[in-house]
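Step one of this worksheet: look at the structure below.
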Amino acid sequence: MMSATLLVLFLVLMLIRLPIAICLGLSSAVVMILFNLPMTVLAQRTVNALDSTPLLAVPLFIFAASLLSTSGVTNHLFELVRMIVGWIRGGTAQVSVLVSLIFSGVSGAALADIGALGSIQIKMMRKQGYSAEFASGITMAAATIGPIFPPSIPIIIFASVANVSAVKLLIAGIVPAILITALLMIQVGVMARIHKLPRDDVKFDWAAFGRKFIVSLPALAAPVLLIGGLISGYFGPTEVAGVTVAYALFIGKFIYRELDFKRVVTAARDTVDATGSVLFIVATAALFAWVLTMDRLPATASAFLLDLSDNPLILLFIVNVLLLVVGMFLESIAAILIIAPIITPALTAAGVDPLQLGIVFVLNLMIGLLTPPVGMSLYMVSIIAKMPLHRVIRGALPFLIPLFVSLLAITCIPAISTWLPNLLG
């Protein structure tokens, strides 16, 4: 009864379009009052949820991405990759995918990728004759790579909720991210042949390429530094995030010479805004999850799932359907914090590797960013491209194909997620 009341209140608050953190916190507080639960828990649970070392990585990665974007790193990366693959048909779209993979090595979030790269990518493609729908669609689809490839804010949050090694789970995202990148590039190649997409007017020249490579080398080194630190075991996610911030400050000030005090303050202010939103959701979702736990909903849900089947693959397909629907209506961080504690015990008991589950979980929710009515990538690109929402949605549809194929492969083949972290121990 308590869980049902909580979920009904939550849905009602969502329907009247209150912010997701308010929906989580207010519905939990009302249920605590109605069912005479101790109100001291309200402060205790919300504060304790933020007392987590891995979560310190979240504001640091947001700050690092903001600093690198302000330093002009994205422009240098775009021009370098454009010189390499821009000459093929549909080359600028291929550049968008590859740059998203490289930049995801410091951003950790899909919306950060769109914010940093979206306007450059869309403007360049439109200038060369791509349709606005195509340009917006590939920009959104490529941004889904960011939360899969390390560092990933959603993966760090999933690891903290599901009690999985954050380092192993971040490493588990490397091969799936490369798979998504390859499938998106194949999709672009197919569409380039069908629709006769234009070639970039860039001319490859070894001397110019050498100069651009040298200029871009500090930016290219950032993800290498980050992933190398994780794989070597010298750094955990939080330490890597701190090193990445220091590195971003160094190259922005002394190499690219774009960072000044004013820009650092602006990046810090943006980080505080973004971090406040994320951690507010984390705190209120912890309270929401506690109320559900008091009503034994996770145990009930686990028993229900295991009664349906004890086959790991079937359970993963059920979870895929659930998460794809949830991703259409619920913000991804909130979805992880609410649903992961409920379903993780059942799937791990059935034999699903938690590393595979984490990647499947996050990818489902990233696909949700491209689906209405709450797909945040749709709204963000709509603003950047100055396009009506229905045209942005139409542009996203073809690129759901490689994303769903990636999801199917990662669901059916555990080794895609587990091979690399297990190899590295």
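Annotations for the structure displayed:
- Furthest towards positive pole of dipole, Ile338, Pro312, Ile393, structure part the stretch 296-399, Cβ charges: Ile393
- P(r), alpha carbons of the stretch 171-252 - 10 Å bins starting at zero, rounded %: 14, 26, 33, 22, 5
- Both radii come from the Cα set of the chain: Rg as radius of gyration, Rh as Kirkwood radius; their ratio Rg/Rh reads 0.97.
- Per atom type, the stretch 1-68 shows carbon and sulfur on 73% of its accessible surface, probed at 1.4 Å.
- Computed label-point distance, nm, for sites Val41 and Tyr379 using a 7 Å Cα→Cβ extension: 3.1 nm
- Using heavy atoms of the protein chains and a probe of 1.4 Å, the accessible area assigned to Lys123 is about 140 Å².
- Relative to the dominant Cα principal axis of the chain, helix 73-85 is inclined by about 60°.
- Size of charge dipole - the stretch 1-159 - debye, nearest 20, with Cβ of Lys, Arg +1 and Asp, Glu -1, no other charges: 340 debye
- With the charge dipole of the stretch 66-188 set up from +1 on Lys and Arg Cβ and -1 on Asp and Glu Cβ about the Cα centre, the Cα lying farthest toward the positive end among the listed residues Thr74, Tyr130, Val97 is that of Tyr130.
- Taking each residue as 0.36 nm, the span from Thr300 to Val12 lengthens on full extension beyond its C-alpha to C-alpha distance by 101.3 nm.
- Rounded to the nearest 500, the helix-only mean residue ellipticity at 222 nm of the chain stands at -25500 deg cm²/dmol, with each DSSP H run of n ≥ 4 adding -39,500 (n - 2.57).
- Karplus-derived HN-Hα couplings along the stretch 46-53 (A = 6.51, B = -1.76, C = 1.60, θ = phi - 60°), whole Hz, x at Gly and Pro: 5, 6, 4, 4, 8, 7, 9, 4
- Ligands, DNA and RNA are left out, and with a 1.4 angstrom probe the accessible area of the stretch 68-202 is 29 Å² per residue.
- Over all pairs of different C-alpha atoms in the stretch 375-425, the reciprocal of the mean inverse distance, the Kirkwood hydrodynamic radius, equals 13.3 Å.
- Folded to 0 to 90 degrees: helix 297-308 orientation relative to the chain principal axis, Cα: 80 degrees
- For the pair the stretch 141-220 and the stretch 367-425, the centres of their Cα atoms are 13 angstrom apart.
- Gain on full stretching of the segment that runs from Ser119 to Lys196 - 0.36 nm per residue minus C-alpha separation: 25.4 nm
- Think of the chain as a dipole: +1 on every Lys or Arg Cβ, -1 on every Asp or Glu Cβ, centred on the Cα centre; then among Ala274, Leu287, Pro54, Ala274 lies furthest on the positive end.
- With bins 5 Å wide beginning at 0, the percent of Cα pairs of the stretch 240-398 falling in each bin runs 2, 8, 12, 14, 15, 14, 13, 11, 7, 4, 2, 1, 0.
- Share of carbon and sulfur in the accessible area of the stretch 321-425 stands at 77%, probe radius 1.4 Å.
- The stretch between Leu408 and Phe261 holds 48.2 nm of extra length on full extension. This uses 0.36 nm per residue minus the Cα-Cα distance.
- Charged side chains reduced to their Cβ positions (Lys and Arg at +1, Asp and Glu at -1) give the chain a dipole of some 1320 debye around its Cα centre.
- Here Met294 sits with roughly 100 square angstrom of accessible surface, probe radius 1.4 Å.
- The stretch 274-425, dipole about Cα centre (Lys/Arg Cβ +1, Asp/Glu Cβ -1), debye to the nearest 20: 560 debye
- Among the listed pairs Lys127/Lys203; Lys262/Lys386; Lys168/Lys262; Lys196/Lys386; Lys203/Lys253, those beyond 27 Å (Cα-Cα): Lys262/Lys386; Lys168/Lys262; Lys203/Lys253
- Cα-Cα separations in the stretch 1-135 greater than 17 Å, expressed as whole percent: 70 percent
- Once the Cα atoms are used to define both axes, helix 376-385 deviates from the longest principal axis of the chain by about 30 degrees.
- The figure for Arg126 is an accessible area of roughly 120 square angstrom, using a 1.4 Å probe on the protein chains alone.
- Surrounding net charge for Ala208, when Lys and Arg each add one and Asp and Glu each subtract one, Cβ distance under 12 Å: +2
The values are calculated or read from the model by the stated rules, or taken from the named source; none is laboratory data. Only a predicted model underlies this, so the values are computations on that prediction, with no experimental measurement involved. Please note: Cβ atoms are built from the backbone with ideal geometry, for glycine as well, and neighbour counts cover all protein chains shown. We work out accessible area using only protein heavy atoms, side chains counted, and drop any ligands, DNA or RNA first. Shrake-Rupley method; radii C 1.70, N 1.55, O 1.52, S 1.80 Å.
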